[in-house]
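Worksheet for the structure shown next.
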Amino acid sequence: MVNRFLQLFIFLVACASLQAQVTYSDDFEAYTVGSTVVTNNPTNWRTWGSTTGGAADDAHITDEAAASGKNSIKIQATSNDGGPEDLILKLNNTNVNKGTVDVSFNLLVAKGKTGYFNFQSTTTPGTGWAMEFFMNTDGSIDVATNSIYSLNRLAFTPDKWFNFRAVIDASNNLWQIYIDGECKATYRSALTSVASIDFFAIAGSKYYIDDVILITDPTAITTFTGPEAGILNLNIKEGIQIAGTSVKTSVMLYNVGSDTITNIEYSLQGSNGTTTEEISGLSIAPKKSQVIDIPTEVELGDGDNPLLMTLTKVNGVEDQLTCNNSLAASVYAVKPADNRKVLLEEGTGTWCGWCPRGAVFLKVISPAYDDYLIPIAVHNADPMTVKTYDNEITSFNGFTGFPGMVVDRREVVDPSAALAPGLNYLREIPDATLEIGAKAPDAEGNMEVSVSVNYLQAVPKGYSMILTIVEDEVTGTTAQYNQANYYSGGNSGAMGGYENLPNPVPASQMVYEHVARTHDHAVKNMAEAQAGDKVVKNYTVKLDPTWKQDDIKIVAVLLNANAQVSNANDESIEDAVENGFVTSSTERILVNTNIRVYPNPASDVATISMNIQTPSNVTTTIIDALGRVVLAKDFGTMQGKAQMSMNIKGITPGAYTVMVRTNEGIATKKLIIK
């Protein structure tokens with residue numbers, strides 16, 4: 001029986017024998033189990049940190065699994081942060097920027113584990129990530145280039161061998177990806193060359209590699225005559241990934257043919273059916289690309305929303321390649337739990353040359369998702385650093401470098417990947433809602449803040465609370481506000497315009513957003529609470545006179561006993577003052593009283609109504625934004641649906657808090673006097 005690997009090798013060599021050079025093929029049967037790969041073959045392999053065998057990041061030969069024969073390469077993370085195995089397959093020991101690279105290998109990702117590999121852009125590891133492939137536990141493969149993820153995902157079956165093949169037309173920047181012999185998608189790299197494949201033991205990974213075949217031919221330069229186009233990056237242009245909303249998309253149309261593209265025909269299939277449209281008036285020259293808007297609205301439901309766009313004609317005719325004419329993507333949307341917000345804390349610094357990436361992706365999130373997500377930039381070793389906050393983020397389990405995004409105090413991801421887990425956590429029903437009130441800052445910048453925790457369910461002892469002041473539109477004039485920028489010049493790909501800026505970016509050109517200005521985590525080990533309980537915490541915050549109060553938000557975060565975010569909320573100073581400051585008290589805060597104040601706004605008489613369960617002595621007080629009592633009245637003993645009228649004529653117009661005190665506790669409501 002002919003070996004399956006040998007059959008495939010013979011077929012590929014026969015197809016390419018006229019011009020191509022077969023540079024390497026290996027089924028690892030000649031190697032001793034337990035030996036390291038680079039030790040056996042330093043010509044074709046190296047590790048991230050070494051060109052000689054036996055280094056700590058070298059991978060081992062195993063007989064635990066094999067697609068053919070008995071042996072394969074095993075890659076498995078042995079630390080929570082991934083690694084140490086970091087094995088690199090060289091592509092002809094050069095930076096390939098023309099001709100063809102055809103590389104294939106069999107993969108098996110163990111059940112419940114992940115896998116990962118990337119194509120490095122140059123022979124020096126770490127210069128650039130031309131393409132990345134993240135194999136997930138659910139059988140999906142996320143694809144990214146230069147840290148930008150494609151919505152066009154691939155698929156495999158966990159715990160089963162499959163063949164991965166990349167046919168890279170470097171001259172035209174076309175990456176055709178085959179899974180088990182079928183072309184599934186075509187991608188384009190943000191970088192201009194490819195030099196190696198890096199198999200890294202990402203956190204949680206365990207996978208095997210077998211039957212590697214590498215064919216390179218720098219002379220195999222493809223030229224397309226007539227119209228030849230492809231589509232990439234089906235992205236959301238308008239709208240957000242929230243169930244019940246509609247979005248519009250855009251797509252990258254690229255031209256690798258010899259004719260200028262003037263019009264296309266396409267179909268777009270979504271949850272609301274298939275639409276066929278024609279777009280005319282284009283002028284995309286050969287070797288150029290353009291992002292075009294797709295006019296069709298797509299309705300989003302809860303969960304995955306599959307989309308399929310097919311390019312049917314270019315300039316009125318069908319083009320030659322077909323694998324790059326269809327783009328399957330999925331737009332994930334969530335139905336958020338009521339009153340839930342998710343916290344995104346980015347570790348960053350002006351010294352960090354890769355940190356512009358965080359700023360770029362936070363612009364995607366804010367202000368579009370401001371009703372659902374709260375971004376905070378936690379600076380390190382620069383003038384905007386809040387040391388206690390910086391220490392708390394950089395010591396978070398899994399935070400290994402800058403920029404890093406801590407999502408809801410659950411996990412650490414690259415800022416470019418923060419939206420997906422952030423949306424997922426929106427589904428969680430919070431333990432409590434957080435209401436932020438404040439008194440207007442005094443002349444010295446002192447501001448009193450209240451956070452009312454309204455428990456929706458019983459919680460154990462051990463919760464804690466964080467209060468943070470966050471400022472937008474932060475600028476500086478000294479050199480310490482210059483932003484290091486490794487994207488300058490474009491060698492690391494496009495990054496939201498930073499590729500066109502110098503390194504460093506002068507302070508005069510930088511505006512920093514979501515900057516953490518204060519950090520108060522003194523409230524810890526909170527008492528257990530029952531559903532319906534309410535706890536009020538008071539803070540005094542000192543605002544620096546250089547901070548712009550109109551650009552400030554007050555952020556409150558409730559952490560559960562596992563130090564994960566239970567819920568978060570934010571308010572501008574103006575809205576917090578309008579909400580009213582609530583004095584912290586050991587008295588029970590009454591809920592489910594149906595307290596109402598009417599009319600509201602009021603000018604002469606305000607009536608307060610509420611349900612009082614048992615006979616109680618009732619006192620009603622009106623308090624101004626500075627916490628001063630401006631009116632109080634004792635209504636004696638009341639029970640049932642009580643109504644209390646207060647004569648407010650002559651009180652200065654503004655925002656006030658009505659507080660009703662009974663034998664059982666207190667209830668509050670905002671009142672506007674006009």
note = Scanning the range 305-336 for residues that are farther than 16 Å from Leu268 by Cα, touching a strand residue (DSSP E or B) at 6+ places or on another chain (Cβ under 9 Å) and not β-branched (Val, Ile, Thr) gives Asn315, Gly316, Glu318, Asp319, Leu321, Cys323, Tyr332, Ala333, Lys335, Pro336
Matching strands (runs of 3 or more DSSP E) fully within the range 157-259 where at least 3 residues are over 30 Å from Ser72 (Cβ atoms) = 229-238, 246-255
query = If Glu29 passes every condition in (1) touching a strand residue (DSSP E or B) at 6+ places or on another chain (Cβ under 9 Å); (2) assigned to a loop (DSSP other than H, G, I, E, B); (3) modelled with pLDDT of 55 or more; (4) open to solvent by 30 Å² or more (accessible area, probe 1.4 Å) but one, which one does it miss?
reply = (1)
ask   = Regarding Ser416, is this residue outside any loop (DSSP other than H, G, I, E, B), in contact with a helix residue (DSSP H, G or I) (Cβ under 9 Å, 6 or more places away or on another chain) and among the polar types (S, T, N, Q)?
value = yes
message = Against the definition (within 22 Å of Val331 (Cβ to Cβ) and surrounded by 15 or more Cβ atoms within 10 Å (Cβ to Cβ)), how does Leu234 come out, yes or no?
response = yes
key: Selection within the range 78-87 - closer than 20 Å to Lys111 by Cα and either polar (S, T, N, Q) or open to solvent by less than 20 Å² (accessible area, probe 1.4 Å) (or both)   = Thr78, Ser79, Asn80, Gly82, Gly83
remark   = Within the range 477-487, of all residues that are open to solvent by 10 Å² or more (accessible area, probe 1.4 Å) and part of a loop (DSSP other than H, G, I, E, B), the one nearest to Ile552 (Cα to Cα) is Thr477
ask   = So which residues in the range 302-321 are in contact (Cβ under 8 Å) with a residue 24 or more places away in the chain, in a loop (DSSP other than H, G, I, E, B) and either open to solvent by 30 Å² or more (accessible area, probe 1.4 Å) or polar (S, T, N, Q) (or both)?
value = Asp302, Asn315, Gly316, Gln320, Leu321
Set Ala368, Ala359: member being at pLDDT 95 or above, under 19 Å from the mean Cα position of the chain (by Cα) and under 30 Å from Asn503 (Cα atoms) = Ala359
request  = Scan the range 362-409 residue by residue and report those that are under 23 Å from Leu426 (Cβ atoms), of a type outside the set (A, V, I, L, M, F, W, C) and open to solvent by 50 Å² or more (accessible area, probe 1.4 Å).
outcome  = Lys363, Pro367, Asp371, Tyr372, Asn397
task = Of the numbered conditions (1) in a loop (DSSP other than H, G, I, E, B); (2) free of Cβ contacts under 8 Å to residues at least 40 places away in the same chain; (3) open to solvent by 40 Å² or more (accessible area, probe 1.4 Å), Gly490 fails exactly one; give the number of that condition.
result = (3)
request  = Report whether or not Val291 is assigned to a strand (DSSP E or B), of a type in the set (A, V, I, L, M), open to solvent by 10 Å² or more (accessible area, probe 1.4 Å) and within 30 Å of Asn424 (Cα to Cα).
outcome  = yes
request  = Please indicate, with yes or no, whether at least one residue in the range 601-623 is closer than 30 Å to Asp550 by Cα, modelled with pLDDT under 90 and open to solvent by 60 Å² or more (accessible area, probe 1.4 Å).
outcome  = no
Residue check, Gly640 under 19 Å from Ser450 (Cα atoms) and at pLDDT 90 or above = no
ask   = Quick one: Ile61 ticks every box in (1) at pLDDT 95 or above; (2) of a type outside the set (Phe, Trp, Tyr); (3) over 25 Å from Phe162 (Cβ atoms) bar one, so which box is it?
value = (3)
request  = Could you tell me whether Asn446 is open to solvent by 10 Å² or more (accessible area, probe 1.4 Å), touching a residue at least 40 places away in the same chain (Cβ under 8 Å) and more than 23 Å from Ala561 (Cβ to Cβ)?
outcome  = yes
message = For the condition open to solvent by 60 Å² or more (accessible area, probe 1.4 Å), touching a strand residue (DSSP E or B) at 6+ places or on another chain (Cβ under 9 Å) and modelled with pLDDT of 90 or more, what is the one hit in Lys90, Lys160, Lys98?
response = Lys160
remark   = Being part of a loop (DSSP other than H, G, I, E, B), within 27 Å of Glu448 (Cβ to Cβ) and of a type outside the set (Gly, Ala, Ser) narrows Val658, Val577, Val582 down to just Val582
remark   = Of Val474, Val459, Val453, the only residue that is surrounded by 12 or more Cβ atoms within 10 Å (Cβ to Cβ) and under 30 Å from Gly349 (Cβ atoms) is Val474
Hits in the range 127-152 - residues which are buried (at least 18 other Cβ atoms within 10 Å of the Cβ) and not in a strand (DSSP E or B) = Gly128, Asn136, Asn146, Ser147, Ser150, Leu151, Asn152
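The values are calculated or read from the model by the stated rules, or taken from the named source; none is laboratory data. Small disclaimer: the values here were computed from a predicted structure and weren't measured. All Cβ positions, even for glycine, are placed from backbone atoms using ideal geometry, and neighbour counts span all protein chains on display. Please note that ligands, DNA and RNA were not included when accessible areas were found on the heavy atoms of the full protein model with its side chains. Shrake-Rupley method; radii C 1.70, N 1.55, O 1.52, S 1.80 Å.
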